[in-house]
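Chemist: Sharing a structure here in structure tokens format.
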Amino acid sequence: MTEHLVDPHASRDLKAFIAGLPKAELHVHHVGSASPRIVSELAARHPDSRVPTDPAALVDYFTFTDFAHFIEVYLSVVDLIRTPEDVRLLTYEVARDLARQQVRYAELTITPFSSTRRGIDERAFMDAIEDARKSAEAEFGTVLRWCFDIPGEAGLESAEETVRLATDDRLRPEGLVSFGLGGPEVGVPRPQFKPYFDRAIAAGLHSVPHAGETTGPQTVWDALTHLRAERIGHGTSSARDPKLLAHLAEHRIPLEVCPTSNIATRAVTTLDEHPIKEFVQAGVIVTINSDDPPMFGTDLDNEYAVAARLLGLDERGLADLAKNAVDVSFLDPAGKAGIKGEIDTYTAAWLDR
Ligand SMILES: Nc1ncnc2c1ncn2[C@@H]1O[C@H](CCC(=O)c2cccc(C(=O)O)c2)[C@@H](O)[C@H]1O
Ligand SMILES: [Zn+2]
């Protein structure tokens with residue numbers, strides 16, 4: 001793993017606290033969460049792939065020069081997912097990794113277009129992710145829900161396919177709760193996707209597009225006004241527009257912050273320059289997420305350690321961050337109350353020890 005994984009500034013105790021803290025993760029990608037072991041196993045199955053089969057060589061392979069390079073590497077991993085069994089295995093193993101970090105609930109972003117266009121049967125794809133979701137809940141106790149996202153650079157054809165898969169009652173998976181928009185933002189204006197988000201929202205899905213990751217505040221405004229975003233993926237450039245920060249705070253629209261991702265994709269230069277502190281000072285709700293953890297040499301626990309350092313948090317502050325994510329998730333109220341109760345019980349016991 002790379003230098004990102006261990007945050008040298010986090011005290012040993014806080015890291016121990018984080019490791020046991022029940023968490024929810026709202027911004028984490030399906031393929032992007034494939035562990036080095038899974039990726040190398042799949043690469044070995046497909047010798048034609050340029051993805052290294054050696055986990056150690058993957059570390060260099062997962063070092064990106066810019067966002068476009070990240071997308072290029074990301075798609076080479078997408079190419080490894082070729083059968084419904086690959087999909088099931090990947091999903092189940094991602095759930096195992098989440099459970100290891102005490103993640104009780106996760107909204108996993110899946111890009112079905114990228115798999116169906118590569119020949120995976122759509123019905124078999126849905127069955128594979130649902131099978132893994134039910135197994136993970138039964139065996140790990142981790143509740144998974146799905147966000148289907150449009151790979152924006154693939155254009156309106158991918159938007160049409162994604163919203164069809166998300167709203168056709170014969171295909172739509174039981175675990176689907178939200179609808180997103182990912183991929184490069186440069187040259188991919190958000191307003192064109194309004195008709196597709198309107199259809200997804202009309203079908204009862206929540207809107208959670210990426211915006212402001214590699215482009216300016218206007219992309220976040222567009223996601224809010226045209227796509228009716230309930231949460232914003234990253235929203236990093238919002239810090240450049242005080243009116244936008246005030247709007248996000250006033251209307252309680254959370255930012256799904258992924259600190260190390262922003263460094264690894266060069267969206268932000270250094271962690272110390274990350275705008276998360278400005279978000280909190282402006283009263284914006286922030287949640288902490290890992291985005292594509294193995295590709296960014298991190299995991300959710302490390303992202304909480306990074307947040308503790310950047311925001312100067314103690315155990316209670318970290319527990320509040322974890323409860324933020326539960327509060328703004330799309331889990332049912334009883335499920336939310338259960339996880340928040342676990343967080344409070346754990347934190348109280350930790351502080352009384
Ligand atoms: N930090 C991130 N920021 C943004 N997105 C992120 C991030 N992490 C992961 N993703 C995922 O990357 C994919 C990108 C896929 C893509 O761009 C593309 C372009 C052209 C064709 C095709 C295809 O499949 O034919 C796909 C998205 O689906 C998204 O879910
Ligand atoms: Zn993302």
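The values are calculated or read from the model by the stated rules, or taken from the named source; none is laboratory data. The structure presented is a predicted model; accordingly, all values stated were derived computationally and were not measured. All Cβ positions, glycine included, derive from the backbone under ideal geometry; neighbour counts span all protein chains shown. Ligands, DNA and RNA are stripped out before the accessible areas are found, and what is left, the full protein with its side chains, is counted by its heavy atoms. Shrake-Rupley method; radii C 1.70, N 1.55, O 1.52, S 1.80 Å.
Chemist: Hey, got the dipole for the stretch 168-283? About the Cα centre, +1 on K and R Cβ, -1 on D and E Cβ, debye to the nearest 20?
Modeler: 180
Chemist: Setting aside same-chain residues fewer than 8 positions from Lys340, which lysines have a Cα under 28 Å from its Cα?
Modeler: Lys15, Lys23, Lys134, Lys277, Lys323
Chemist: Toward the positive end of the charge dipole of the chain, about the Cα centre and with charges on Cβ (Lys, Arg +1; Asp, Glu -1), which of Ile71, Gln101, Ser114 goes farthest?
Modeler: Value computed over the given set: Gln101.
Chemist: What figure, in Å² to the nearest 10, do you get for the accessible area of Asp127 with a 1.4 Å probe and non-protein molecules left out?
Modeler: Per-residue accessible area (Asp127): approximately 80 Å².
Chemist: Rounded, prolate or oblate: pick one for the stretch 48-120, where a ≥ b ≥ c are the square roots of the eigenvalues of its C-alpha gyration tensor, a/c under 1.5 means rounded, and failing that, prolate if a/b is larger than b/c, else oblate.
Modeler: Cα axes put the stretch 48-120 in the oblate bin.
Chemist: Using a Förster distance of 25 Å, how high is the FRET efficiency between Ala348 and Lys15, based on the Cβ-Cβ distance and rounded to 0.05?
Modeler: Calculated value: 0.80.
Chemist: Would you mind checking which residues have amide H under 5 Å from Leu26's amide H? H placed 1.01 Å from N; only 5 or more apart, or other chain.
Modeler: Here Glu107 satisfy the definition.
Chemist: Another question, then. I need the calculated FRET efficiency for the pair Glu273 and Arg252, taking r as the beta carbon distance and R₀ as 30 Å, to the nearest 0.05.
Modeler: Between Glu273 and Arg252 the formula returns 0.70.
Chemist: Ok, one more. Among rounded, prolate and oblate, which fits the chain when a ≥ b ≥ c are the square roots of the eigenvalues of its C-alpha gyration tensor, a/c under 1.5 means rounded, and a/b larger than b/c means prolate?
Modeler: Since a/c stays below 1.5, the shape of the chain is classed as rounded.
Chemist: What does the extension gain come out to for Thr53 and Ala124, with contour length at 0.36 nm per residue minus their alpha carbon separation?
Modeler: 22.9 nm
Chemist: Pull out a ≥ b ≥ c, the square roots of the eigenvalues of the alpha-carbon gyration tensor of the stretch 1-137, then state rounded if a/c is under 1.5, prolate if not and a/b is larger than b/c, and oblate in the remaining case.
Modeler: In terms of gyration-tensor shape, oblate.
Chemist: Label points 7 Å out from Cα along the Cβ direction at Arg100 and Asp131: separation in nm?
Modeler: Going by the 7 Å Cα→Cβ label model, 2.4 nm.
Chemist: Once fully extended, how much extra length lies between Thr225 and Asp198, figured as 0.36 nm per residue of separation less the alpha-carbon to alpha-carbon distance?
Modeler: 8.5 nm
Chemist: Mind listing the phi-derived Karplus ³J(HN,Hα) values for the stretch 50-56, rounded to whole Hz, using 6.51, -1.76 and 1.60 with θ = phi - 60°, and x for any glycine or proline?
Modeler: So the J values, rounded to whole Hz, are 8, 6, x, 8, 9, x, 5.
Chemist: Per-residue HN-Hα couplings for the stretch 140-152, Karplus 6.51 cos²θ - 1.76 cosθ + 1.60 at θ = phi - 60°, whole Hz, x for Gly and Pro?
Modeler: Per-residue couplings from phi come out as 10, x, 9, 8, 10, 10, 10, 10, 8, 10, 7, x, x Hz.
Chemist: Something else now. Determine the relative contact order of the chain: mean sequence separation of Cα pairs under 8 Å and six or more apart, normalised by residue count, in whole percent.
Modeler: Answer for the chain is 21 percent.
Chemist: A follow-up question, please. What are the ³J(HN,Hα) couplings of the stretch 185-193, residue after residue, when phi is run through the Karplus curve with 6.51, -1.76, 1.60 and θ = phi - 60°? Round to Hz, x for glycine and proline.
Modeler: In residue order, the calculated couplings are 9, 4, x, 10, x, 6, x, 5, 8 Hz.
Chemist: Taking 35 Å as R0, compute the FRET efficiency from the Cβ-Cβ separation of Glu153 and Asp320 and round it to 0.05.
Modeler: 0.45
Chemist: Between Glu160 and Gln218, how many nm apart are label points set 7 Å from Cα along the C-beta direction?
Modeler: Rounded to a tenth, the inter-label distance reads 2.8 nm.
Chemist: Counting other Cβ atoms within 10 Å, which trypsin sites (Lys or Arg not before Pro) in the stretch 39-113 have at most 12 and lie in a DSSP loop?
Modeler: Passing sites in the stretch 39-113 are Arg50.
Chemist: Give me, ordered by chain and number, the residues 5 or more places off Ala229 or on other chains with an amide H under 5 Å from its own placed amide H.
Modeler: Placed amide hydrogens put Leu224 under 5 Å from Ala229.
Chemist: Which percent, to the nearest 5, of DSSP beta bridges fully inside the chain are antiparallel?
Modeler: Antiparallel bridges make up about 0 percent of those DSSP assigns within the chain.
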